[in-house]
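Below is one structure, written out as structure tokens; the observations come after it.
The values are calculated or read from the model by the stated rules, or taken from the named source; none is laboratory data. Since we're looking at a predicted model, the values are computed, not measured. FYI the Cβ positions are ideal-geometry reconstructions off the backbone, even for glycines, and counts take in every protein chain you see.
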Ligand SMILES: NC(=O)c1ccc[n+]([C@@H]2O[C@H](COP(=O)([O-])OP(=O)(O)OC[C@H]3O[C@@H](n4cnc5c(N)ncnc54)[C@H](OP(=O)(O)O)[C@@H]3O)[C@@H](O)[C@H]2O)c1
């Protein structure tokens, strides 16, 4: 079987290789999973570059999410059988077969769309955590976010809508306005919109939660839109610019500035809550209420092209790796 292995940190074309790797049988408590598909996320690009909060020892098979089918179960495993569709919930997913801990793996409904399932482990749970852990949101409360067409942003729109929340969404491209409205965004505005002076035109009350994946001026624009005592959560830094917060937002408005990292959030979340979250998310996907677009699917043999494409701006959705061939 083949896997995408990283040999050094740097440019994908120089450091990533598709290699033959052994496929050992599952040990006690393990599942052998034949991987079907996995996305290329911004965090994967950061890891390849060597610029992420946690880096693997090299060489390493990389990839942080994906979906596959169980082909064999190890001793002592119950609740899984060959043929089951699963999220392996481990690192090293850009591979054709992997060993996953049965304790952590998530069993999915049999007929779930494989591409949607492949994108279920990282970005929808991040949206879930962002909406759940920082501000108690009541029906009708507003959330303001940037990079709203990203996989996290679209998940925020769709999960918030399912819970009765309202979203004010900032994007960089006008063609995204109708697209996001169609998946339930209440308002969509462009990056150059001055939210401080215009917020009253968009929302019947100021947002209590801001979600920032960009940084710099875009983050400040969100902060300026918030209600007094509101919270801005930073979870991404696509613009690679630091946050500059005017003193007055802290002194006179008492805004709260927080951060979110899924890895830490998962560590502190009880296992039953995580399983329940995935059951709810899978239900939304099955009903077509949580849909993330796919830009293009690449075979593993075109790994470097896939990674390079994922690093380009203005994509129409996620770049996926087809691991089944
Ligand atoms: N903290 C966590 O635990 C966590 C978890 C998941 C994701 N994230 C982070 O969340 C962010 C979004 O991830 P994703 O997978 O949802 O993204 P994605 O689907 O790959 O989309 C990338 C988004 O970033 C925007 N973008 C790219 N460069 C930008 C720039 N220079 N300025 C402003 N916007 C820019 C894109 O806009 P265009 O379409 O206009 O190019 C698009 O909306 C990333 O930073 C990722 O690392 C963090």
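Can you tell which of 158, 198 is out of contact with any helix residue (DSSP H, G or I) (no Cβ under 6 Å at 6 or more places or on another chain), touching a residue at least 12 places away in the same chain (Cβ under 8 Å) and outside any loop (DSSP other than H, G, I, E, B)? Can you show your working first?
Numbers: 198 fails: touching a residue at least 12 places away in the same chain (Cβ under 8 Å).
Being out of contact with any helix residue (DSSP H, G or I) (no Cβ under 6 Å at 6 or more places or on another chain), touching a residue at least 12 places away in the same chain (Cβ under 8 Å) and outside any loop (DSSP other than H, G, I, E, B) holds for just one of 158, 198, which is 158.
Listed here are the strands (runs of 3 or more DSSP E) enclosed by the stretch 245-325 that have at least 3 residues being more than 16 Å from the ligand (Cβ to nearest atom), under 20 Å from the mean Cα position of the chain (by Cα) and in contact (Cβ under 8 Å) with a residue 12 or more places away in the chain, and there are none. Based on what the data block shows, is residue 120 buried (at least 18 other Cβ atoms within 10 Å of the Cβ), modelled with pLDDT of 95 or more and in a strand (DSSP E or B)? In short, no. Scanning the stretch 2-34 for residues that are surrounded by 13 or more Cβ atoms within 10 Å (Cβ to Cβ) and modelled with pLDDT under 95 yields a count of 2. The residues listed here are 129, 153; of these, the one that is touching a residue at least 24 places away in the same chain (Cβ under 8 Å), assigned by TED's automatic domain parsing to the domain that holds residue 230, touching a helix residue (DSSP H, G or I) at 6+ places or on another chain (Cβ under 7 Å) and not in a loop (DSSP other than H, G, I, E, B) is 129. Going by the conditions given, is residue 226 modelled with pLDDT of 95 or more, closer than 19 Å to residue 156 by Cα, within 20 Å of the chain's Cα centre (by Cα) and buried (at least 20 other Cβ atoms within 10 Å of the Cβ)? Taking the combined requirement at face value, the residue does not satisfy it. Selection over the stretch 210-234 of residues that are touching a strand residue (DSSP E or B) at 6+ places or on another chain (Cβ under 7 Å) and in a loop (DSSP other than H, G, I, E, B) gives a count of 2.
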